[in-house]
Each structure stands twice: as structure tokens, then as C-alpha cells.
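Visitor: Pasting a structure below so you can have a look.
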Amino acid sequence: MRKDLAKNERLWHDWAMKPKRIVLYARVSTKDRGQDTANQLDQLREFCAKQDWTIVREYIDHVSGKTADKRPQFQAMMAAAARREFDLCLFWSLDRFSREGVLPTLKHLEQLTSYGVAWKSYTEQYFDSCGIFRDAVISIAATLAKQERLKISERTIAGLQRAKRQGRVGGRPRVVVDRERSEEHTSELQSLR
């Protein structure tokens, strides 16, 4: 019975600690093709209203999601997260959050978590740092990131082996040094002293 009481108290604590300040992140790849973030934002706003969450800011990028460096609103959101200006980042789907690959995306999510900021995908309920599958999802994502690192390593090694078979030498170009001329320069420098 005492165990159930502790569990109920914990549930009450979780409910009382629900996110209060929410930011929305939306992204489309390009401005040119008539793509718009309106569909994403409408659904995200409606979801927040149903949860009784307060949206404090919307971050919207109209650029490719391949690199975080070229997304000014994403960078601003991460900086605000570091300052704990919000409690939860809500995005429409993981591919709208980032298309950098598994490892960089996982690092962004881990960075938010390290700042004490939760994150949630609207269309993929299992991508939710507040949900019951949080640890399982992060473990799977970490495993996928590890596999991606291994694949990159394997591809690099295979490319180097192919280049070697073709007679190419990797690394920087070799510098040809004329020893006699080098010794002359050294003796000239010594005579200046």
C-alpha cells in the first residue's frame, strides 16, 4: 500500500510539473516551390491548445535541414534552450527537426535534454522525451547512430583501399626537398647571427 501511495504521489508530481512554456519549430526545405509551414504550425498550435500549453515562441526556417549551421532559427532555438527560456520543443516530425543524419540529430536531442528542455514529435508519438518510451527510443536512436558511424568508417576504409589498388596515394602531396639548397639556406641564416 505504501508503494502505491508513493507511485500516486510521483504521478501527481509529474502532472504538476508538466511543461508550461512551449516553443514550436517548423521547417520547409525551400521558399521557391510553394512549400509553407502553415500546415505544420496549424496542427502544432491546435495540439498545444488541447494540452493547455502556452506557446512562447515559434521558430521557423525556410532552408534545408541538412546542416544546423545554415538554419538561423534552429540556432536561435538551441541558444534559447541553453538559457532555459522554454520547457519543451514541439516539432511536427523528426525530419522537420533535422535531416542531418541519425548521429547529429541524436546529438541535438541530447543537447536539449542536457539543458533540461524536453522535446516531442507531433506525428511520431514515440519520439517524446516525456513519454513512457523515452529511454527505449533514445537507446534505439543511439544504436542507429553507432551503426551510422560504423558504416561511415567502413565506406572510408573501402574508398582508401580502392584508391590504393588504383595506385593513388592518400594524404597530402609529398614535398620534394633539395638538400643542398636547404643546407645553403641554413648556413646563410647562421652567418646572419
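Visitor: What are the pairs with Cβ atoms under 9 angstrom where one residue, in the stretch 47-69, is under 22 Å from residue 125 (Cα atoms) and in contact (Cβ under 8 Å) with a residue 60 or more places away in the chain and the other, located anywhere, is open to solvent by 60 Å² or more (accessible area, probe 1.4 Å) and part of a loop (DSSP other than H, G, I, E, B)? Sequence gap at least six, or different chains.
Guide: 47/122
Visitor: May I pose another question? Please verify whether residue 120 is of a type in the set (Lys, Arg), within 14 Å of the chain's Cα centre (by Cα) and open to solvent by 70 Å² or more (accessible area, probe 1.4 Å), treating the condition exactly as stated.
Guide: Against the criterion (of a type in the set (Lys, Arg), within 14 Å of the chain's Cα centre (by Cα) and open to solvent by 70 Å² or more (accessible area, probe 1.4 Å)), residue 120 does not qualify.
Visitor: Something else about it: In this structure, is residue 159 outside any helix (DSSP H, G or I) and free of Cβ contacts under 8 Å to residues at least 60 places away in the same chain?
Guide: no
Visitor: Still on this structure, I have one more. So, in the stretch 72-117, of the ones that are in a helix (DSSP H, G or I) and among the polar types (S, T, N, Q), which residue ends up surrounded by the fewest Cβ atoms within 10 Å (Cβ to Cβ)?
Guide: 114
Visitor: I'd like to check something: does the stretch 29-42 contain any residue that is at pLDDT 90 or above, touching a Leu at 6+ places or on another chain (Cβ under 6 Å) and buried (at least 16 other Cβ atoms within 10 Å of the Cβ)?
Guide: From the stretch 29-42, those at pLDDT 90 or above are 40-42; that's our starting set.
From what's left, touching a Leu at 6+ places or on another chain (Cβ under 6 Å): none.
No: the stretch 29-42 contains no residue that is at pLDDT 90 or above, touching a Leu at 6+ places or on another chain (Cβ under 6 Å) and buried (at least 16 other Cβ atoms within 10 Å of the Cβ).
The values are calculated or read from the model by the stated rules, or taken from the named source; none is laboratory data. All values reported here derive from a predicted model rather than from experimental measurement. Backbone-built Cβ (ideal geometry, glycine too); neighbour counts: all protein chains shown. Ligands, DNA and RNA are stripped out before the accessible areas are found, and what is left, the full protein with its side chains, is counted by its heavy atoms. Shrake-Rupley method; radii C 1.70, N 1.55, O 1.52, S 1.80 Å.
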